Each structure stands twice: as C-alpha cells, then as structure tokens.
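The values are calculated or read from the model by the stated rules, or taken from the named source; none is laboratory data. Since the model is a prediction, treat every value here as computed from it, not as a measurement. In this analysis, Cβ positions are derived from the backbone assuming ideal geometry, glycine residues included, and neighbour counts consider all displayed protein chains.
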Amino acid sequence: MRFPFLLAFPLLIIIFFLNVTTVLAQQKSVSPVAPSVLFTQYSTDNGLSNNSVKCILQDKKGFMWFGTRDGLSRFDAYSFQNYRSAPTLEEGISEGLSDTYILSLAQTVNKNQETEKIWIGTNNGGLNYFDYQSKKFFHYPVAINKQTERKENTLSDVTIQALAVEKRKENNVDKDFVWIGTKRGGLQILDVEKNHFITFLNDEKDSTSLKDNNVTAIQIDKQNKVWVTTTILQLYISDDQNVKFKNFYFPNSDGTASISKLFLDNQNRLWILTWDDGVYVFDTQKEEFIKKIPTPPVTAAAQDMQGNIWFSTFGAGLFQYDENGNFKARYGVENYQFGLKEALAWDIYADSMGGMWIGLYSEGIEYFSPQNQQFRLWTGEIKGLESENTWAFEYEDSTTVWIATEKGLEKIKFENEYQKITSLDYLQTNKTPPVLDGLTTTLLKSKNKSSNNALWVGTWQGLAKLETDNQTQKVKLTVFEPDRNNPNALKGDKITALGEDATRNIWVGMLYGLAKYDIETQKFEHYFPKPSDSTSLNEGYITAILQDSKNRLWIGTRNGLHLYNAETNAFQRVLHDVKNKKTISHNQINAIFEDKNGILWVGTNGGLNKLIENENQSNNDNSKFVFENFTEENGLPSNVIQAIVEDTNGNLWLTTNKGVSYYNKSQKIKNDSDKNSDKKQFINYDKLDGLQANDFKRGALIRLPNGVIFMGGKEGFNAFHPNYLRKNNFAPKMAFTGFKLFGEQVFIKDSTHQNSPLEKPINEVEQIILSHQDRVIEFDFTALSYYLPQKSRFAYKMEGFDNDWNYTDASRKFATYTSLPAGKYTFKIKAANADGIWSEEKSISIKVTPPFYKTWWFMTFAPLLVLVLGYLLYKNRVAQIEKRNQRLEQTVRERTAEINVKNEELKSTNEDLNEKNQEVLVQNEELEQQREEILAQRDAIEGQNSSLKELNENLEKSYQNLNTLTSIGQEITSVLELREVIKQVYERIQTIMPVEGFGIGLYREEKGEVFYTGYIEKNEILADHSENIEKESIGNWTLKNQKAVFINDLKNEYHTYISELGEIIEGDEPQSILYVPLSLSSKNESRKIGVLTVQSFQKNAYTERDVSILESLATYISIALKNAETYTELDKANAKTHIINEKLTDSIRYAQTIQASILSVHNKMYRNFVECEVIYRPSSGVSGDFYWFSKILLTEKQSYG
C-alpha cells in the first residue's frame, strides 16, 4: 500500500516508537554504551544549499555531492559550490537544475575511471545530468499526453526516486545504461549513447511484469543482475526475445513491505530496508532471504572498511551492525558532542577514505571517521562519572582504575575493551568522609608490599590513606588531620603532589611546603623555603615528586627543580639561567619522569627537558646537570608540558595546554620544520582528534600494565593504546578549484568569454596558454581529504621558475605568480593529510607566449633585415660622401692660392713678434720669481697665525680651567662635610674631563689603611670599603710614592705600577684611570691625606693636561679634607665640652639647692628685726662660706652691761 508522505508521516512516527522500543529492549543486554564518536556537522551556515539532505554521492574525482530539498551541493572538504535553477541557454541545456528538490544521484565514468556525468533525479523536474567538461546541466523532457498514456523515448515521470548505472559491453565497447525508478512511471532504461529510453510498466494481467509503477529502489549486483523494489523485491531478467521480472515475496504475513532502499554489501548480499518491517538480508546468488533484523524505519545503509553495516533511521539515529547482522551500537541525540544532532536521517554514505556521511532531515550533514574513535573519551554526561573534571589517576590492575576528580575519588571498573565502565563503591557506605568529598588532586599507590595495597590520596581537604585487605577486600581509611601546633603532624591541608622514596617514606607536596612521612615512626618532618638559606627549597608550592632509579629524590616547584640530599638533609637547586641554553628551560616545573633507560625528563612551562648528566662532576655541582631543551620550535604544540608518560615502545606521550604530543625518541631529526616528512619527532593531537579538550591537568596521565594510557582534563578523560592508533593512510586526491587573472575568476571559453584561456574546467585542462601581458595569475586548489581537513598541508611549485616546493597550510590553498617570463612551465601541487601521508602530484602545463619582438621568426629575420637596411644606408652614404668630396676639392684649390699670399705676409709679421716675445719672456721670469717670494711669505704668516690661534685656544681653555679650579677650590674649602666635598668635586669636574667613576680615599695612618667613602660610579654611590696599605694596588702605589698614575688602557698598562690587578670589589672594571696623591706640606713636614681618582670605561679617555688639572685640584681637595677633618674633630670636642658643662651645671644646681635649704633664714630675721639686710653674693653660684642666724636669750648674770 502506498501513502503520500504527509499522510504517512504520523504512521511512521507510531511505527518508529513501537519498533525502536522493541529493538532497544532486545539489544540493551548486548552493549548499552556506544563508543565515543566525534561527529562534524555541516549546514547552511557552512554554505550547504539546504539543511534537508536527501541523497549523497562521492564522484571518482573525490568530490562529495549532496542532493537537498533546495539544490545540489558539491563539497571539496573546505567549501560548498551550490547549483540551483537557472535560465535555459538552449533547448535542454542550462547552467542550473530543472528542479531543486533532489531525490537521487548517480554517476557515469569514462574509460579512465573518471567521472563524466553526475545524474540527478528530482522531485518535480525529471532527470538531469551535470557534464564535467562543460559545467552545464542537461535536462530530459517528460512528455505525458494523459495519465496512462506516455510518449515513447521520453522520460515517463517527473519524480525520479532511484538511479543506478550499468556498464555493458556491446561489440567490445563499454556502454552506459542508466536505470531510472520513477514514482508513477514505472522503470526505465536510458541508453546514454543513443539517448534512447525503454520503459517497463505494471501489467495486472502479466505476473512477470513490474509489480507496481512506483519503483522505490534499484541495485545492480556484482554479477550485473538488476534488482528493483516496488512493494516486493524483483529481479530483471532479459533475453533476446523478451523481458520479465522474477518476484520475491517477503517472509511476512502478506509478502510485501514499504521499501525505502536497497543496499549491496561487499559479499554481494542485498540488504532490503523498509519503513515498517525492519531489514531483510537477501542472498543474491542463492536468491533467498537469509535474515531479518528488527529495526526502526531505516532510510539507508552503508558499509565501513571494517565490514560493519550502518543504518540511518527515521527517528532513532544510527545503528551499527557487524557484517553478520549482529547489533553493535546505536548513536542518537542523547549528547550532541558525541552523537547526532538529529535522529531523523535520510541517507548514509561511506566514502572512499573510510568516512561516513549522514544526510539529516533538517540539520544538514554529519560526518565522522573511524579515526575519531582512537582516543576513547569519557565525560560526566555520557558515562555517568560524578565529575568530568579529572585531576589524577592510579590503577589496581589493567581494568580497575582510581580517578581523582573535582568532586572526589572514584573507583572505576572497565569492561568490553574499555567501552563500558562501572563505578565501584570502595567504602561500602553511603556516606563519604569529608576528606574524600571534594577536589582530589593527586594519587599514589605505595610500592611497600606490607602496606595492604595502600593508596595515598591528596585532596584540597587533606591527606588520606586507603588500605584494602586482600582477603576480605574491606577498605581501611586513615585520615591525617592537619595540626599546626603538633610538630609531628601534617601542617597543611592543600595537597598538590605525592611521592615515595627508596625507604618507602611518603613525601607530601603542599600548597606551601614539603613534608616527609616516616612509615616507621609515623611522624611528619617539614621543609619550607628560607630566603637566607640556599640549601632550602626555593619555592613552597610543590608540583611534582619523583624517586629515580639512582635513589635520588627530585622535587619540582613553581620556581625551580630541587635535588634532595638525604645525608645533609638539604636541597640542591637546579635553576634556569637565561645566559646558558644548557640549563633547564624554565623554573615552573610541572612534571618529572624517568624512562626505562634511566633518563630523566622534566616538563616545564618552557618546554620539555632531557637531563644529560656529566659523570665527571659531583652531584653537588650544578654543572653536572646539562639539559637538552625541546620547545615549539622543535614541533611541540605548546611549551607548557603538563605530564609525561612512556608507552610500551619506549616513546613519550606529553599532555600540554594545547593538546597531546607523541615524541618518537628513535627519530634523530634536529629540525621539525621539514613539512614534507612524515617521520617527525613530535606528532600532535588536539580536540579535533577526539581529545576531551586541548588543555590537560598537570599530572593527569598514567599508563596501565597492559599499555593503555589514560589522560585527563576538565572535560573528562581519554583512554587509548598507542599500538592501536589508526593512521589515515589514504592519500588525498588533488583538485584545482579555480584560476584567476589579475584577481578575476576565469571562466570556460564560450560565447560570453571568448578570450578565456580555459578550453575546459580548470581541473580538467592539461595546458593553459597565456600571453606575456597576463602578468598576475593565481591557482586555487584543494585536497579532497575529509578527515581533519584543517590539518592538511599543501605544497606547490612552478617548475622552470621555482627552485623548490612552497609549503602552506589549509588557510592558504592558492598560489600567485607575477610577471612570469615567456617560456614553458609546469605547475604542480600536492598535499598531505592530517597524518602526513602525501598525495600524488597533479600538474598543469603553462605556456607564456612572448611579445612579437621575442618570437622565433622575429629573432630569425630581424638580423637579415638589419643587414639589408645597413647595406642600403651604407651605399647611400658613400654616394653622398663622394659628391661632397668633389665640392671640397674645388674649394680647397681656391683657398690654397689665397693662403699662399697670406703666408708671406704673416712670415714677415712673425719675425717681429718673435723679438717682442723674447722681451716678454724675460719679464715673465722676473715676475714669477717675485710671486714665489710673496707666496713663501704668505705661508709663513699663515703658519704663525695657526700657531697663535692654537696657542690662544689653549690659553683660553687653560684660563677657563683655572677659573673652574679656583671656583672649585673656593667652594670645597668652605665645605666642612666630607661627602658634600666629594659630591661637589664630582659635579664640577665632569665639565672638565670625562668622569664615569670618581672617588677619594682617606689615609688612616693609625689603622694602616686607605678608607674609600662615597665613591660614585654612573651617578650612583657605591658602598664604603677599606684597603690595607700593604696590599698591592694602584691607589696604594700613588699614596706611597706620592706620584700621579696615568693609565689609558688598564689591561695593558697596569704592570707599570703593580704586578697584578686585584678583583673588583663593587661596580664595573674601568679602562682609563687617573690617580693623584692628596697631601699637605708645611715647613717641617709633608702629611699624606689620601688619594683622588677619576676613572672612565673608555680607552684613551685622558691626557697629560687632565693629570695636571687633577694635581692642581688636589691641593684644594687636601685643604678641604683637612678642614673637614678639623671641623669633625672640633665638633667632637665641642660635643665632649658640652657634655662636661652639662654635668657641671647639674652639680652646681644640686649644690645650690642644698645651700638654699641651709641658708633659708630670712624670715626669722624679719620677725626679730624691724629692718635688716643680708649681703651674700657667691662668685660661682655656690660658696664655701655660710652665714647663720639664731635668737639667744641672755640673763642678768650674763649681761655685759
């Protein structure tokens, strides 16, 4: 029974839900988890003509064709070229389709197996074909007189549902026949060469006729049998007499089905796809049904290179079966990242390179390649992980893995070759302790056999240990609570790294500091950075810990690599030196790894480092550690190396913040820039290859005992075995996609483009002839490799012009040449796929014609023409010269007679002139002698003037210097502070001579040293220092000998004064030096004050005049220094006097107080006398004499009268 699509759609939905429920129920026990497949979507946003894709085809050139509801699209891996309706150029020919709703596609090829025509079946425009040579569309007319009457040798219907191409040999010549299945017009055969149709219709009276005029599918098997479907399967049988159809009824209730398509597998079996009755498998040789597979409505099928059969369905996504019809997996819309964007699909197609294309109902095209399955991926959404943000791994065996995540610790069991995972309840409890219920950063499985398979867990909440009893399998949890007050307890709760040393002690890296846990004493010992201690850690943030095969403990931090010395309990720092390329490339350490050969590898923020040890040096000497650095320049995707692991073949895998890199240690290619080589040291993978993301977590990388590698990041984790990574060995097919002159696209030569150099499409031409005026040409090209086309690489060369290949990437698929000289060239292109497999070369011959004056005929005849013209010109010139000579001869004879007369007259005159000339010559000699004398006097005067000028300039300069020296002397002799003296002299002396270093050394005789204070170099004051007078130095020599030192080349002249140069205490080494002694002389003695030095970093900076200036200045400086010294001594004496005065004053005041208390008798006197006065004035405020007053009572006996 047939239904219009719109009426049938609700019925299909009901059938879909019934079938898919049954199918999934039957298949759930087989494998509920589909392998992760990364789909790539193309839609109208990418240039596709319409998002409803009904049919798909790959032509022999490698282009993909998509028939949609609104046009035909050709895809070259990077861009779409769309074809829709266009005006008719002539009868049956146009540049567009007769109808844009495409239902079916097919192709015919030439004897070279190259596509000649693309056949297009439309919904309402009949049959079209696209001719590759002319780029035109040809339409077949549909001539229908009545509904049941059709004109012979015309297309029988406007709706073409199915197409198939048959190759037949007739008279040893291959001929093409196109089989056409229509919706109402039965089955037709088109003889392409004769342009002749044969039509087969249903005849209800004839059981061997076509069962129905609605032909839904056509398939031609390997024995050239033609199979067609209506409501049943029919085999076309033809002999010389007649044609009949053999009927095959389905093994169901009524023997019919609603058939969508036929598919022929590589075993020549037919897979009959239905809308309502699943899939039937039919043996074409035995001509019998062999299997029925219950499925949802199936729209198309394809077979991949592993033999698997893929079904596209109308509502249930994709189904994958093995070649025997056993279910393997389903891909739906549950998670778009690893599933289809839409479950409704019209078609599925397997291309020649193993890629699978799915035409969707309303979401465009989905593409995937088996290559995308090589990095199996687990995320929280798909696989049921508690958190997809993965930080670390540890394993129990090849199928049981511990995973540290952002939300805690998980124990996972893997099954079915890592296609299924089960989360294990390792604590047998519903309540997770806080230490394990949060960010878990690092894991460590102890190698101590007596520790019950201890797993150490570092989290952001602290440290824990899990021990599993081998018999009961019960897990014991030990939590190490941080306690800053307990010296034997852990002091931090932010754990960043874990490690185990040779004595089985556990080393714990923290956010700030390092701790060692002694298994025997169960105590923690801590190590923290100490800025003043170079044997301590340089940084507290610990990133990696490793005990190597030599029992050395390596510690990685965010600021350097450290080697721990157990004997001294100290750390040796191994740091980056910007001046030494053989040091570690960066101080941010992310990973430390030792390979099976004992070589240490260090991952940093500045690349990968290989340690090459110098066995002649001790461990304490950093020169023992030499590193070979690998960076982005060597082929790494990023310099930030997050983790390192070695596979079973001895090669390294590196996770970075820009993907994963495989390092082949056996390759000895020094420079990875050879783009034509597939033997690179580094092969890089990114998210396009199926990775969880490009950024991976530090340390989240491990290899299981069976060789499977796990690597994690914020979007989940990948698992893969390096030995099973599939390489894309399909070399791309090359194609030219465009040709431009002066930036304008060149079209095929026709009535509109009569001057075009292209006789055929650019991809079909063998030679292009250009004029010398075509100065700017451009070729556009592509590589028809659909797996990761972004990673394809290209190379092009113009033989005869380029010396070597020019390499480019997918962003620049064109080549431009300007002003090619006339001649013959061959333009070649080639490309490599994402795995470095290079294609064969494709080429076009180029001929550039020269201007006419450089053509062979011009170059041949031009010399002859020049010779003839030259000869004619020569003959004409000779004739002219002969005529002229004759006229000249006559003139000469006439003039000769006149000259003879004149000569006689001149002869007489000449004799008179000769006498006068002799007199003039004598006078000239006298004048010349006078002139020479005058010139000599002038030179002497000029010499005197020059000397006077020079002398005047020197006097002027000396006068200025004298004024400066006098000014300096007046200023500094009035300054009483030493540093101010030095500063003022330094500022003023710079105006006289070059001064980059200036200082004064004071001689301290009592200490036997010269004290340098306030030394200035490059305007900065250096630290004070002293120099023993007995030490051999230039300054001491100056002081002892009281002579100036004048050096303009220190390295070569110092030995005049001293035997060897000492080390520079501070600052840079000068090239020119002046030293003069400082002293003061009196009548009786000469006192040494010190030395004055002026220095420059330039050779030959000073002259003898500079020495004289300094010697003159030395007297002023000596006086200033003496004044400063005297002032300092006076100041000190005044200070001492002031202290003594204060003490005396205090004593006097105290005495005055005592004396006042004794002499306070004035009140008594005033009470006893009417008038009285005491005169008492001590000279020093206090007197040694005292007065006193007391009242005495006298009796009569005591009276004196």
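Quick notes on this structure:
- Test: residue in the stretch 854-863 that is of a type in the set (Ser, Thr, Tyr) and over 30 Å from the mean Cα position of the chain (by Cα): yes
- Only one of the numbered conditions (1) buried (at least 20 other Cβ atoms within 10 Å of the Cβ); (2) at pLDDT 95 or above is violated by Phe289, and that is (1).
- Hits in the stretch 87-105 (condition: within 49 Å of the chain's Cα centre (by Cα) and acidic (Asp, Glu)): Glu95, Asp99
- Asn806 vs. criteria under 30 Å from Asp686 (Cβ atoms), without any contact (Cβ under 8 Å) to a residue 12 or more places away in the chain, in contact with a strand residue (DSSP E or B) (Cβ under 8 Å, 6 or more places away or on another chain) and surrounded by 10 or more Cβ atoms within 10 Å (Cβ to Cβ): yes
- Residues of the stretch 815-847 satisfying the condition of being more than 30 Å from Tyr786 (Cα to Cα) and assigned to a loop (DSSP other than H, G, I, E, B): Ser819, Leu820, Pro821, Ala822
- The strands (runs of 3 or more DSSP E) located wholly in the stretch 976-1079 that include 2 or more residues which are more than 27 Å from Leu1130 (Cα to Cα), touching a residue at least 40 places away in the same chain (Cβ under 8 Å) and within 53 Å of the chain's Cα centre (by Cα) occupy 997-1004.
- Meets criteria (among the basic types (Lys, Arg) and at pLDDT 95 or above) for Arg703: yes
- Residue in the stretch 127-137 that is touching a strand residue (DSSP E or B) at 6+ places or on another chain (Cβ under 6 Å), free of Cβ contacts under 8 Å to residues at least 60 places away in the same chain and outside any strand (DSSP E or B) present: no
- Residue that is farthest from the chain's Cα centre (by Cα) [pool: residues in the stretch 226-245 that are aliphatic (A, V, I, L, M) and surrounded by 23 or more Cβ atoms within 10 Å (Cβ to Cβ)]: Leu233
- Test: residue in the stretch 1115-1137 that is under 22 Å from Tyr986 (Cα atoms), in contact (Cβ under 8 Å) with a residue 40 or more places away in the chain and either of a type in the set (Lys, Arg) or not assigned by the TED database to the domain that holds Glu1009 (or both): yes
- Selection over the stretch 1099-1116 of residues that are over 20 Å from Glu1053 (Cα atoms) and in a loop (DSSP other than H, G, I, E, B) gives a count of 0.
- Filter result (among the β-branched types (Val, Ile, Thr) and loosely packed, with under 14 Cβ neighbours inside 10 Å) within the stretch 722-768: Thr752
- Where Met305 falls short, out of the listed (1) assigned to a loop (DSSP other than H, G, I, E, B); (2) at pLDDT 95 or above: (2)
Matching residues to (1) assigned to a strand (DSSP E or B); (2) among the charged types (D, E, K, R); (3) surrounded by fewer than 18 Cβ atoms within 10 Å (Cβ to Cβ); (4) at pLDDT 95 or above:
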residue: Glu633; (1), (2), (3), (4): no, yes, yes, no
residue: Ser638; (1), (2), (3), (4): no, no, no, yes
residue: Ile644; (1), (2), (3), (4): yes, no, no, yes
residue: Leu654; (1), (2), (3), (4): yes, no, no, yes
residue: Lys665; (1), (2), (3), (4): no, yes, yes, no
residue: Lys680; (1), (2), (3), (4): no, yes, no, no
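- Identity of the residue in the stretch 241-266, among the polar types (S, T, N, Q) and in contact with a strand residue (DSSP E or B) (Cβ under 9 Å, 6 or more places away or on another chain), that ends up nearest to Lys328 (Cα to Cα): Asn266
- For the stretch 778-793, the criterion of being within 25 Å of Glu116 (Cα to Cα), outside any loop (DSSP other than H, G, I, E, B) and modelled with pLDDT under 95 is met by none of the residues.
- Condition check for Lys476: charged (D, E, K, R) and farther than 19 Å from Val708 by Cα: yes
For (1) assigned by the TED database to the domain that holds Val776; (2) closer than 15 Å to His772 by Cβ, each residue gets a yes or a no:
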{"site": "Tyr796", "(1), (2)": "yes, no"}
{"site": "Ala834", "(1), (2)": "yes, no"}
{"site": "Thr849", "(1), (2)": "yes, yes"}
{"site": "Phe861", "(1), (2)": "no, no"}
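- The number of residues in the stretch 413-423 that are assigned to a strand (DSSP E or B) and either surrounded by fewer than 19 Cβ atoms within 10 Å (Cβ to Cβ) or under 35 Å from the mean Cα position of the chain (by Cα) (or both) comes to 5.
- Residue count for the stretch 452-473 satisfying the condition of being assigned to a loop (DSSP other than H, G, I, E, B), more than 43 Å from the chain's Cα centre (by Cα) and either at pLDDT 95 or above or surrounded by 12 or more Cβ atoms within 10 Å (Cβ to Cβ) (or both): 1.
Conditions tested, residue by residue: (1) in a loop (DSSP other than H, G, I, E, B); (2) on the phi < 0 side of the Ramachandran plot; (3) at pLDDT below 95.
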position: Gln428; (1), (2), (3): yes, no, yes
position: Thr432; (1), (2), (3): yes, yes, yes
position: Val435; (1), (2), (3): no, yes, yes
position: Leu444; (1), (2), (3): no, yes, yes
position: Lys476; (1), (2), (3): no, yes, yes
position: Glu520; (1), (2), (3): yes, yes, yes
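Residue-wise test of (1) farther than 30 Å from Leu233 by Cβ; (2) at pLDDT below 95; (3) in contact with a Phe, Trp or Tyr (Cβ under 8 Å, 6 or more places away or on another chain).
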| position | (1), (2), (3) |
| --- | --- |
| Glu91 | yes, yes, no |
| Thr100 | yes, no, no |
| Thr115 | no, yes, yes |
| Phe130 | yes, no, yes |
| Arg150 | no, yes, no |
| Ala164 | no, no, yes |
| Asp174 | no, yes, no |
| Trp179 | no, no, no |
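Conditions (1) modelled with pLDDT of 85 or more; (2) touching a strand residue (DSSP E or B) at 6+ places or on another chain (Cβ under 9 Å); (3) more than 22 Å from Met993 (Cα to Cα), marked per residue:
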| position | (1), (2), (3) |
| --- | --- |
| Lys1043 | yes, yes, no |
| Phe1046 | yes, yes, no |
| Lys1051 | yes, no, no |
| Tyr1057 | yes, yes, yes |
| Glu1060 | no, no, yes |
| Leu1078 | yes, yes, no |
| Val1107 | yes, yes, no |
| Glu1111 | no, yes, no |
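- Subset of the stretch 361-389 [modelled with pLDDT of 95 or more and either under 27 Å from the mean Cα position of the chain (by Cα) or among the polar types (S, T, N, Q) (or both)]: Ser362
- Taking every residue in the stretch 295-315 that is free of Cβ contacts under 8 Å to residues at least 40 places away in the same chain and under 16 Å from Ala217 (Cβ atoms) and pairing it with any residue that is outside any strand (DSSP E or B) and of a type in the set (A, V, I, L, M, F, W, C), at least 6 positions away or on another chain, the pairs with Cβ-Cβ distances below 8 Å are Val298/Trp275.
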